[in-house]
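Chemist: Mind having a look at this structure? Questions to follow.
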Amino acid sequence: MSLHKSAVFYGVATALITPFREDSIDYNALADLIEQQIEGGIDALLVAGTTGEGATLSYREHHDVIAFAKERIGGRVPLLAGCGSNSTARAIELAQNACEAGADALLAVTPYYNKASHRGLILHYEAIANAATRPLMLYNVPSRTGVSLGMEEYRALAKHPNIVGVKESSGDLGLMEALIAECGEELDVYAGNDDQLIPALKLGAVGGISVYSNLFPEQMSRLYRLFVNGSRQLADQTQRALIPYYKSLFWEVNPIPVKYAASLMGLCQAEYRLPLCPPSKDNCRRLKALFATNFEKNS
């Protein structure tokens with residue numbers, strides 16, 4: 001990272017679920033989740049992102065969940081907030097909302113559905129970054145948005161003083177390697193897929209943003225520290241052992257499985273907002289069976 005840009009965090013952040021109860025945010029559960037995450041050694045928290053069902057939050061809820069998390073965290077770890085939209089004007093509003101609520105940094109997904117040209121993507125992110133009073137991280141997840149950032153966009157956006165990092169969830173390690181090689185001095189790169197954390201760190205990524213750590217933050221924190229402390233063979237072995245659990249959290253659209261698994265642990269209700277809905281009975285059964293051993297090991 002160049003001297004004029006500060007890293008938002010190093011290590012693993014949790015893309016935190018938003019617990020609901022009777023269609024309202026369950027702040028008691030959210031408080032407990034935050035404490036569990038920090039006690040588990042997680043390095044940062046992301047609220048109102050994809051896993052947090054940010055697209056279904058009202059502006060007031062978006063503001064309040066960030067403000068609540070900020071107060072509860074009390075400066076112990078950095079707080080990131082989702083602010084993505086397929087409308088640049090709405091993304092700017094969400095970014096400003098998040099900054100006012102106390103977020104330490106922002107994460108904005110690529111504009112979905114209407115998509116954009118190469119120039120449009122660059123202008124979209126520059127507009128958000130110009131309007132924000134906190135650092136902005138890019139979020140590339142073409143499996144959900146239908147559009148991918150490429151090196152043309154990364155090279156241009158790396159020059160912006162308020163764009164500091166990338167959550168790379170394309171699954172393309174070749175793209176990640178090129179991104180780190182060409183823009184790593186200006187953009188910190190984070191693995192957006194749990195199963196690519198160790199491969200990404202080998203390429204020079206500075207951490208990851210995790211779904212799985214909602215359930216077992218200490219496991220993901222330990223995995224990262226094994227790698228950076230030099231126990232790379234053990235890190236590889238641990239990563240391979242966790243892959244079935246990672247994959248299970250995408251048997252249905254994220255965050256359906258992870259929120260259901262969290263409900264099995266008593267962390268929240270298995271409550272969603274449409275168009276998300278509870279997992280199928282078959283997947284409920286499969287998730288219970290798969291996680292039973294892991295729950296026992298970590299109880």
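The values are calculated or read from the model by the stated rules, or taken from the named source; none is laboratory data. For clarity, every value in this text was computed on a predicted model and none was experimentally measured. No Cβ is skipped: glycine too gets one built from the backbone with ideal geometry, and neighbour counts run over all protein chains shown. Remember, those area values only see protein heavy atoms, side chains included, never the ligands or the DNA or RNA. Shrake-Rupley method; radii C 1.70, N 1.55, O 1.52, S 1.80 Å.
Chemist: Which value does Rg/Rh take for region 51-120 over its C-alpha atoms, Rh per Kirkwood?
Modeler: 1.01
Chemist: Got a sec? Which residues in region 146-178 would a label at Thr133 touch, if it sits 7 Å along Cα→Cβ and we count backbone N under 18 Å?
Modeler: 162-163
Chemist: For the chain, what is the calculated [θ] at 222 nm in deg cm²/dmol (nearest 500), taking -39500 (n - 2.57) for each run of four or more DSSP H residues and dividing by its residue count?
Modeler: It comes out at -14500 deg cm²/dmol, rounded to the nearest 500.
Chemist: Still on this model: Can you compute log10 of I(q)/I(0) for region 199-249 with the Debye formula, treating each Cα as one identical point scatterer, at q = 0.18 Å⁻¹?
Modeler: Each listed q corresponds, in turn, to -0.55.
Chemist: So how exposed is Ser280, as accessible area in Å² (1.4 Å probe, rounded to 10)?
Modeler: 50
Chemist: May I ask you to give the solvent-accessible area per residue for region 1-110, in square angstrom, as obtained with a 1.4 angstrom probe?
Modeler: I get 37 Å² per residue for region 1-110.
Chemist: Under 20 Å from the Cα of Lys202, which aspartates and glutamates turn up, not counting those fewer than eight places away in the same chain?
Modeler: Lys202 reaches Asp43, Glu168, Asp172, Glu177, Glu182, Glu185, Glu186, Asp188, Asp194, Asp236.
Chemist: I would also like to ask the following. In region 65-152, what trypsin sites (Lys or Arg not before Pro) fall in a loop by DSSP, with at most 15 other Cβ atoms inside 10 Å?
Modeler: Those that pass, being in a loop and sparsely packed, are Arg76, Lys115.
Chemist: While we're looking at this one, here's another question. By what distance, in whole Å, do the Cα atoms of region 235-298 stretch along each of the three principal axes, largest value first?
Modeler: Computed over the Cα atoms, the extents are 38, 21, 19 Å.
Chemist: So, for region 146-191, what is the accessible surface per residue at a probe of 1.4 Å, expressed in square angstrom?
Modeler: Per residue, region 146-191 has an accessible area of 35 Å².
Chemist: Quote the relative contact order of region 1-132 in percent (integer), defining contacts as alpha-carbon pairs under 8 Å separated by 6+ residues.
Modeler: Relative CO of region 1-132 lands at 21 percent.
Chemist: Distances longer than 17 Å among the Cα atoms of region 42-89: what percent of all pairs is that?
Modeler: The proportion of pairs with Cα distances above 17 Å equals 33 percent.
Chemist: For region 75-153, what value does the Rg/Rh ratio take when both radii are computed over Cα atoms and Rh is the Kirkwood radius, given to two decimals?
Modeler: 0.97
Chemist: Turning to a different aspect of this structure: Where does region 1-78 land on Rg(C-alpha)/(2.2 N^0.38 Å)?
Modeler: Against the compact-globule rule of thumb, the ratio is 1.16.
Chemist: Counting Lys +1, Arg +1, Asp -1, Glu -1, what net charge surrounds Gln269 among other residues with beta carbon under 15 Å of its beta carbon?
Modeler: -3
Chemist: Something else: Report, to two decimal places, the Cα Rg of region 51-195 normalised by 2.2 N^0.38 Å (N = number of residues).
Modeler: Relative to the rule-of-thumb radius for its length, region 51-195 sits at 0.99.
Chemist: Shifting gears a bit: Could you check how much of the accessible area of the chain is carbon and sulfur, as a whole percent, using a 1.4 Å probe?
Modeler: Accessible surface attributable to carbon and sulfur in the chain totals 51 percent.
Chemist: With the Cα gyration tensor of the chain in hand, convert its eigenvalues to equivalent ellipsoid semi-axes via √(5λ) and list them largest first in whole Å.
Modeler: Values for the chain, descending: 27, 23, 18 Å.
Chemist: Shifting gears a bit: In straight Cα distance, which aspartates and glutamates are under 12 Å from Lys115, not counting same-chain residues fewer than 8 positions off?
Modeler: none
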